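Below is one structure, written out as structure tokens; the observations come after it.
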């Protein structure tokens, strides 16, 4: 499933809840301001409040870890899909 993340959203073979969680993570990573009322309503249609809070916390933790790895060079050592900058 994780190997599909690089694919366009329409080509991923994910369950609806999984696809929505990935969209949430992408929004949090790229521009959290796009988590508007409409998107929150979509989240609430598939997840309860506790699940949304847990997803948000996990997404935030992984984003922070990824940024720390980049700051300290750990991404070059630990990430199998690391692509060096050209």
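Dividing the alpha-carbon radius of gyration of the stretch 17-78 by 2.2 N^0.38 Å (N being the number of residues), what value is obtained?
1.26
At q = 0.13, 0.14, 0.25, 0.32 Å⁻¹, what log₁₀ I(q)/I(0) does the stretch 1-51 have when each alpha carbon counts as one equal point scatterer in the Debye sum?
Evaluating at q = 0.13, 0.14, 0.25, 0.32 Å⁻¹ gives log10 I(q)/I(0) of -0.31, -0.37, -1.05, -1.27.
Can you tell me the order of 31-42, 46-57 when each peptide is scored by its average per-residue count of other Cβ atoms within 10 angstrom, highest first?
Highest to lowest by the protection proxy: 46-57, 31-42.
Read-outs: derived from the displayed coordinates by stated rules, not from any lab. Owing to the predicted nature of the structure, the values given are computational and were not obtained by experimental measurement. When we count neighbours, we look across all protein chains shown, and the Cβ atoms used for this are built from the backbone with ideal geometry, even at glycine.
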